[in-house]
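Every number here is computed from the coordinates shown, using simple stated rules; none is lab data. This is a predicted model, so every value here is computed, not measured. Quick reminder, even Gly has a Cβ in these numbers, built from the backbone with ideal geometry, and neighbours come from all protein chains shown.
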Number of protein chains: 2
Amino acid sequence: MAFLQDTLGPKGVLTEKNDTARYCIDWAGTTGATPLAVARPANTEEVAAVVRYCHQAQIPIVPQGGGSGLVAGALPDAQKAELVLSLERMQRIRHLDPLNFSVSVDAGCVLQTLKDAVEAEDFTFPLALGAQGSCQIGGNIATNAGGLNVLRYGMMRALVLGIEVVLPDGRILNDMKALHKNNTGYDLKQWFIGAEGTLGIVTGAVLKLSPKPTSTRTAMMACSDVTAAMRLYAQARRSCCDLLSAFELIPRRCIELAIEASPELSDPLDTPYPVYVLMELSASGPVSLDSMIEGLFEAGLTDGLLLDGVLASSDTQANQLWMIREAMLEGQQLHGLHLRTDIGLPISALSDFHQQASAMVHAHSPESEVIAYGHVGDGNLHFNILPPPQLNEDEKAAVLHNLEMRLFALVPQFNGSISAEHGIGRLKQAPFLETLDETERQLMQQLKLLLDPDELMCPGRILPRQSQRSSDSVF
Amino acid sequence: MAFLQDTLGPKGVLTEKNDTARYCIDWAGTTGATPLAVARPANTEEVAAVVRYCHQAQIPIVPQGGGSGLVAGALPDAQKAELVLSLERMQRIRHLDPLNFSVSVDAGCVLQTLKDAVEAEDFTFPLALGAQGSCQIGGNIATNAGGLNVLRYGMMRALVLGIEVVLPDGRILNDMKALHKNNTGYDLKQWFIGAEGTLGIVTGAVLKLSPKPTSTRTAMMACSDVTAAMRLYAQARRSCCDLLSAFELIPRRCIELAIEASPELSDPLDTPYPVYVLMELSASGPVSLDSMIEGLFEAGLTDGLLLDGVLASSDTQANQLWMIREAMLEGQQLHGLHLRTDIGLPISALSDFHQQASAMVHAHSPESEVIAYGHVGDGNLHFNILPPPQLNEDEKAAVLHNLEMRLFALVPQFNGSISAEHGIGRLKQAPFLETLDETERQLMQQLKLLLDPDELMCPGRILPRQSQRSSDSVF
């Protein structure tokens, strides 16, 4: 590690277990193995120097952003000791170009920091997710992050104009173009977006900005069931034009979990209802969002899709509605071990999937409890499960594993995906491989080996190590 | 060719020169070599059978959509006789899923046909370009088509949810998922979008739909120069929220060209102005586009960005404004040989580029005439040049070639791209290769060889044949 210390200086390398421990646990509480060390380069050239060194010395690397992953992709692995490469010292906002509606940043910039910085200049960077106070832009790109505003602004892929990547052999791919349109050859940046760091380390990016909304309206609406909520979505998508920025499904149980976690929160409506929708509209010009959302209320009540609802009359009230959305996650955590999923579905199949998956859980573990919420405007359902509370931890884990396998087995029947946004990492690898046909599997493996023939960059994430599958007929 | 006849039937193969001639000329009037034959498979399995056969027999293939390319990418090449594979018999709209806002189609479906079909169901497929009456969805995907509505809806890449591709060895990659969110492994479909057919033949796709706008407003505005027009864009982008669907720069000369080509058209404003902007807003809900656009008029006149303007008061008047946009292209054609480009620029650099490029043309060929218009809301400038009219064809070609090289040499100084939307094909290959650094060039070449080691799929498009560069140190 002398090379690293020489190259990165004393602040740039951590080797003591006390110092490296915090790089070995993620947002979900999963822990990783002890890394060789943690490298903290300060700029792209230092990243490249570290990677070149590791490439030569055949040391595996796992790049790490804000540590908010949920699939153990960025945690050091035990199979062969890995160097954690943290981007946390690369936080610079390089350049905001107001007329181009773009900003270039270092990959280690925290999402919230970027959001605040562009907001101060009357722009919005629309990516919004629970972890935005800690997750980093590089991680958002590597995981093609989703979140709350995808239905209007797209996933991270849609927000990236340019990219800078250190390849597994230490070469720098510089594609930091701030172009909204560019059709010159293969679009290399697409390879790295969503590749979870397995093809290289994202060190910088040019991102697309939107005008900061000058008005926002938030409403909580109540429906009789998921089917009604999804029909309401179709109506909202039309009657709110392209100004619908969030459409979150929240079952009754989540309201209770939220209040359990944050007792200062109150029930949003006087009567409890089976299913709620938390909806947000935003606009930056002279648009009457009030008349838009009131029209939706009226039509929904007339059609019987809506049972009740409240339109936030102030920012404070809107924040309170959004706090329910946040607190319900803490409420889930209070119940200990539970299954978290992020199923992706055709929007039209979401309600049927919800019904069948719930029936499956009820049939196989009647005392387990389904907590299914999510960004249903883009077909993303967090179909989570609380195990029977009286079981011990091992029993709970066994029940949840069994239900997860059954749940994933249902997904292809609805032409869905086992991960809409969290990705594969290591935790979802087995069910992911089940979903691939041989052609897909070969193409993915071939791209990996093209860029990283020694399998030193995030080895074993997304795809198993080649060395583990030497008996495979394909290779 | 007996195999082809057996497999595809008599309608499936054309071999007579009379029959194949129409596959050998494109939208720009460029002609290709005589192909071995034209295969016209009727479904994906037939495409795969043809490709497998050619793979075995080492016959190069060039897939062809509507023939509206501008860079000779889909024309048969002379170096080694090629089989043209036309998708024109695969026109089926497979399935429209209204609640999922998606539609699946065969690749040979003509864009206009798809637009009409979804419009009848109250949706819009927003891709809009001059060639929409003939271009096909497969070609739109292969070229990552752009056009008029990119600033609101993105390029073709942003509209593709799923894809079906026949790989160069005849295997079928089936990724026809209708998912708005999906983060499971490398996103293979991204490889093929914009690859101009060099990595495989797109045979089907699932596309994203938007609600059909219920109101649209079109305006023609006049500005003193390009700088003012670009400042007006920044204002429009904010004050029209995300409802701005087109923002086209049109110089005075283009109005004259349009009237020359279509004398029934009249000047949109009473007085001539140096620069015009053709703007469109559309919405599907209760939005007052009138107050939005009137506000923009008022602000623009107050700030001095706007000199004059007209808001279309009827669909007929709106169509007339758009007819100017179409007719000006015919007007250019009437002047014979001219340089067409599609430069991509940071929006913030467009005005300066326009100025410097115009000065360059004036300095090197004072009698040439600059015709620069385009989708400037996404930084796409069609910086075209009419050569001095008194020259003969060879002289014109020489002047234009010289100016094109000088123009392309300016592009990197503005961090731009030599092709925002038309792509590389064969015609732009030389200047394209100039823009690549060695890492980019290697990665692109490696992906090509990964998928098509025998170089049978669109050989020599985008990248030169490997065999031509055997002295290259990289390979």
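For segment A:2-86, pairs of C-alpha atoms spaced more than 20 angstrom apart make up 28 percent of the total. Counted over segment B:197-263 with a bin width of 10 Å, the fraction of Cα pairs per bin, in whole percents, is 14, 30, 24, 25, 7. Consider a paramagnetic label point 7 Å from the Cα of A:R465 along Cα→Cβ; state which residues of segment A:70-85 have an amide N under 16 Å from it. Residues A:75-84 fall inside that zone. Of B:C241, A:C24, the sequence from fewest to most neighbouring Cβ atoms within 10 angstrom is A:C24, B:C241.
When each of the peptides B:158-166, A:53-61, A:296-304 is scored by the mean number of other C-beta atoms lying within 10 Å of its residues, the order from highest to lowest reads B:158-166, A:53-61, A:296-304.
Each of B:L207, B:L96 was scored by other Cβ atoms within 10 Å of its Cβ. Listed from fewest to most, they are B:L96, B:L207.
Using only side-chain charges placed at the Cβ, +1 for Lys and Arg and -1 for Asp and Glu, the dipole size of segment B:335-447 relative to its Cα centre rounds to 80 debye.
Look at the stretch A:280-291: the mean tally of other chain Cβ atoms within 10 Å of its residues' Cβ atoms is 5.
Relative to the current alpha-carbon distance between A:A409 and A:Q446, full extension at 0.36 nm per residue lengthens the span by 10.6 nm. Approximating the spin labels as points 7 Å out from Cα along Cα→Cβ, the A:L188-to-A:E260 distance works out to 5.1 nm. Please work out whether segment A:327-452 counts as rounded, prolate or oblate from its C-alpha gyration tensor, where a ≥ b ≥ c are the square roots of the eigenvalues and a/c under 1.5 means rounded, while otherwise a/b larger than b/c means prolate and anything else oblate? Verdict is prolate for segment A:327-452. A Cβ-based charge dipole, computed about the Cα centre of chain B with Lys and Arg at +1 and Asp and Glu at -1, lands at about 1120 debye. Computing FRET efficiency as 1/(1 + (r/R0)^6) for B:D225 and A:E367, where r is the C-beta to C-beta distance and R0 is 56 Å, gives about 0.15.
Think of the protein assembly as shown as a dipole: +1 on every Lys or Arg Cβ, -1 on every Asp or Glu Cβ, centred on the Cα centre; then among A:L85, B:P453, A:G204, B:P453 lies furthest on the positive end. Of B:K428/B:K448; B:K17/B:K80; A:K17/A:K396, which ones are farther than 21 Å apart at the Cα? Cα-Cα > 21 Å for A:K17/A:K396; rest within.
Structural descriptor for segment A:215-334: relative contact order 46 percent, calculated from alpha carbon pairs under 8 angstrom and at least 6 residues apart.
With respect to chain A, whose longest principal axis is taken over its alpha-carbon atoms, helix A:44-57 is tilted by about 60°. Cross-link candidates for A:K208: which aspartates and glutamates have Cα within less than 16 Å, leaving aside residues fewer than 8 places away along the same chain? Correct list for A:K208: A:D97, A:D106, A:D116, A:E119, A:E121, A:D122, A:E164, A:D175, B:D242, B:D378. Computed from the Cβ-Cβ distance with R0 of 30 Å, the FRET efficiency linking B:T34 to B:I93 stands at 0.35. From the residues B:I163, B:T15, B:I462, which one has its Cα farthest along the dipole of chain B in the positive direction, the dipole being from +1 and -1 charges on Cβ of Lys/Arg and Asp/Glu about the Cα centre? So the residue we want is B:I163. Please give the residues of segment A:295-336, grouped as numeric ranges, whose backbone N is less than 17 Å from a label point set 7 Å along the Cα-to-Cβ vector of A:E395. A:336, by backbone N distance to the label point. Look at the stretch B:213-219: the mean tally of other chain Cβ atoms within 10 Å of its residues' Cβ atoms is 1.
What shape does segment B:126-211 have by the C-alpha gyration tensor, where a ≥ b ≥ c are the square roots of the eigenvalues, rounded means a/c under 1.5, and otherwise prolate means a/b greater than b/c and oblate the rest? In terms of gyration-tensor shape, oblate.
Here the chain B residue lying nearest the rotation axis onto A, judged by its C-beta and given with the distance in whole angstrom, is B:Q190, 2.
Taking every residue in B:136-147 and counting other chain Cβ atoms within 10 Å of its Cβ, the average works out to 1.
With respect to chain A, whose longest principal axis is taken over its alpha-carbon atoms, helix A:226-239 is tilted by about 90°.
Using C-alpha pairs under 8 Å with a sequence gap of at least 6, the mean separation divided by the residue count of segment B:335-447 gives a relative contact order of 33 percent. Farthest toward the dipole's positive end in the protein assembly as shown, which of A:S288, B:Q235, B:N183, given Cβ charges of +1 (Lys, Arg) and -1 (Asp, Glu) about the Cα centre? Toward the positive end, the furthest listed residue is B:N183. Output the relative contact order of chain A, whole-number percent, from Cα pairs under 8 angstrom with separation of 6+ residues. Relative contact order of chain A: 14 percent. The orientation-averaged projection of the convex hull spanning the C-alpha atoms of the protein assembly as shown amounts to 39.9 square nanometres.
Once backbone amide H atoms are built at 1.01 Å from N, A:L161 has A:V206, A:L207, A:K208 as its partners under 5 Å, excluding neighbours fewer than 5 places away on the same chain. Calculated over segment A:215-334, the projected area of the Cα convex hull averaged across directions stands at 7.0 nm². In this calculation the C-beta distance from A:Q112 to A:R22 is compared with R0 = 22 Å, giving a FRET efficiency of 0.70. With 0.36 nm allotted per residue and the present C-alpha distance subtracted, the B:D454-B:T15 stretch has 155.6 nm of extension available.
Site pair A:Q235 and A:S134 shows an inter-label distance of 4.0 nm when each label is modelled 7 Å from Cα along Cα→Cβ.
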